[in-house]
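First up is the structure itself, then whatever we jot down about it.
The values are calculated or read from the model by the stated rules, or taken from the named source; none is laboratory data. Remember, predicted model here, so these are calculated numbers, not experimental data. Note: ideal-geometry Cβ built from the backbone for every residue, glycine included; neighbour counts use all protein chains shown. Just the protein is used for accessible areas: all its heavy atoms, side chains included, with ligands, DNA and RNA removed. Shrake-Rupley method; radii C 1.70, N 1.55, O 1.52, S 1.80 Å.
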Amino acid sequence: MNRLDTPISMVRPGQIEFGVGTASRLGAWAQAKGYRRILVISDAFNATRTDVLGLVGNVVVFGDIKAEPDTGDLDRVLQAAKSAEADLIVGFGGGSAMDLAKLATVLVGSSQALADVVGAGKVAGPGPAALAQVPTTSGTGSEAGIRALVTDPATQAKMAVESIHMLADIAVIDPSLTFSVPPQVTAATGVDAMAHCVEAFTSRKSHPAVDLYALEGIRLVGRFLARAVADGSDAEARAGLSLASLYGGYCLGPVNTAGGHALAYPLGTRWHVPHGAANALIFPHVLAFNQPAVPEKTAAVLEALNLKPSDDIFGIFGATHGFCAGLGIEMKLSALGVPKADLPTMADDAFAIRRLLDNNPRELARDDILKIYETAF
Ligand SMILES: NC(=O)c1ccc[n+]([C@@H]2O[C@H](COP(=O)([O-])OP(=O)(O)OC[C@H]3O[C@@H](n4cnc5c(N)ncnc54)[C@H](O)[C@@H]3O)[C@@H](O)[C@H]2O)c1
Ligand SMILES: [Fe+2]
């Protein structure tokens, strides 16, 4: 827990456009900046509607990003970026497309390879192209941050690259782009956005300058997630979630996540559970486990979610588990195709993610992690 007098460094995209119908502002911005060769990095769904961005000039669309991308996906993106010789790279999609757009921006035309830049601050300098991010899910907050995640197929682990040179020049956050996200994905990615806020808020590295965004992000999810799940075209609810996701991104930069994400990662890397679904399933377990270390902040989380106050582990678990299950989220590991025999290996993998576990307010031993997986099974 940091105090207000602890130094902190915060960054934001150079410009943020927010609101229903703002997508085409990207085209106007790009034109004003004089960008004529544009590469849009996207997934199969969003690649079919890049016209909403209003881009003019020589626009090339790479539309093959799959969820939870690995280094093979990155190589294909870099090939496309090399031949496009773009002066503007646009990430158009969820966290997967936006993260690969970040990496393309700094790796294309660089003498550095991915292996040289994994970690924090290893990217030598800015790339030749500007970067724009346009999120189409409300979850990762990747549009606001300086981190990109890509899976190493050999180890199945997520590699994190962090660099100020991957900060977007502009983020265009148009909640109407998320209307088409199916209810289940809306629920899971919404809880992911909230988990970014909760984990930063309760982190050992939490900071009062970020707590404000964290709490408001949690409140927005508490207020709007059920509405957006029930009616995907509820513009106000979608806007609330887009803002929560952005605020989650503000939390990820200077503070980052902790135990919840560390325990969720093996579900994705080993069993291809989508990032949001994995985090939603783990969230109540780690929140309850951490309570003894951060009782006041845990109480504030329940209050922000408008859940029944409780100061015992079972009450906290019950309330937050009920919140997630009520959104239709699958809360049993066994139902997600994870075999019981893999739980010990998953616990080893999670325990090795020191960059996140070291932020957790309460020490999570390898056996604590295994116990959580067994309970969740
Ligand atoms: N950089 C960061 O700070 C950060 C933070 C959290 C997660 N991540 C990463 O982000 C990735 C997950 O991102 P995500 O949860 O946004 O999902 P995603 O980008 O993987 O997309 C999931 C699926 O949803 C589809 N989709 C996207 N937008 C849609 C829309 N509007 N309507 C219908 N379908 C749509 C995509 O085609 C894809 O099939 C993971 O790789 C994760 O590690 C990054
Ligand atoms: Fe996340």
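Some values worked out for this structure:
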quantity: Tabulated pairs, segment 168-184, first within 9 Å of Thr136 (Cα to Cα), second assigned to a strand (DSSP E or B) and within 16 Å of ligand 2 (Cβ to nearest atom), C-beta under 8 angstrom, 6+ apart or interchain; calculated: Ile173/Pro135; Leu177/Pro135; Thr178/Pro135
quantity: Boolean, Gly125 is open to solvent by 40 Å² or more (accessible area, probe 1.4 Å), away from ligand 2 (no atom under 16 Å from the Cβ) and outside the structural domain of Tyr265 (by TED's automatic domain parsing); calculated: no
quantity: Long-range neighbours under 8 Å by Cβ, at least six apart or interchain, first residue touching a residue at least 40 places away in the same chain (Cβ under 8 Å) and over 19 Å from Thr137 (Cβ atoms) within segment 72-93, second part of a helix (DSSP H, G or I) and open to solvent by 20 Å² or more (accessible area, probe 1.4 Å); calculated: Leu74/Leu114; Leu88/Lys33
quantity: Top-ranked residue in segment 128-165 [being among the hydroxyl-bearing types (Ser, Thr, Tyr) and in a loop (DSSP other than H, G, I, E, B); ranked as surrounded by the most Cβ atoms within 10 Å (Cβ to Cβ)]; calculated: Ser138
quantity: Test set (1) farther than 30 Å from Thr155 by Cα; (2) assigned to a helix (DSSP H, G or I) - Ser233 fails condition number; calculated: (2)
quantity: Subset of segment 69-99 (residues that are more than 18 Å from Arg49 (Cβ to Cβ) and within 16 Å of ligand 2 (Cβ to nearest atom)); calculated: Pro69, Gly95, Asp99
quantity: Residues of segment 137-158 classified as within 14 Å of the chain's Cα centre (by Cα) and either more than 16 Å from ligand 2 (Cβ to nearest atom) or farther than 13 Å from Gly95 by Cα (or both), total; calculated: 1
quantity: Ser233, sole failed condition from (1) at pLDDT 95 or above; (2) assigned by TED's automatic domain parsing to the domain that holds Ala101; (3) polar (S, T, N, Q); calculated: (2)
quantity: Qualifying position, being part of a loop (DSSP other than H, G, I, E, B) and open to solvent by less than 60 Å² (accessible area, probe 1.4 Å), among Thr105, Thr22; calculated: Thr22
quantity: Meets criteria (within 15 Å of ligand 2 (Cβ to nearest atom), modelled with pLDDT of 95 or more, polar (S, T, N, Q) and touching a strand residue (DSSP E or B) at 6+ places or on another chain (Cβ under 9 Å)) for Thr178; calculated: no
quantity: Candidates Glu236, Glu303, filtered to the one that is over 19 Å from the mean Cα position of the chain (by Cα) and within 21 Å of Glu143 (Cα to Cα); calculated: Glu236
quantity: In segment 319-370, the residues that are free of Cβ contacts under 8 Å to residues at least 60 places away in the same chain, surrounded by fewer than 16 Cβ atoms within 10 Å (Cβ to Cβ) and under 17 Å from Phe289 (Cα atoms); calculated: Gly322, Glu363, Ala365, Arg366, Asp367
quantity: Subset of segment 225-283 [of a type outside the set (A, V, I, L, M, F, W, C), within 20 Å of Phe317 (Cβ to Cβ) and in contact with a Lys or Arg (Cβ under 9 Å, 6 or more places away or on another chain)]; calculated: Gly259
quantity: Hey, Gly248 in a helix (DSSP H, G or I), within 15 Å of ligand 2 (Cβ to nearest atom) and either open to solvent by 10 Å² or more (accessible area, probe 1.4 Å) or not hydroxyl-bearing (Ser, Thr, Tyr) (or both) or not; calculated: yes
quantity: Residues within segment 257-282 that are within 10 Å of ligand 2 (Cβ to nearest atom) and assigned to a loop (DSSP other than H, G, I, E, B), tallied; calculated: 1
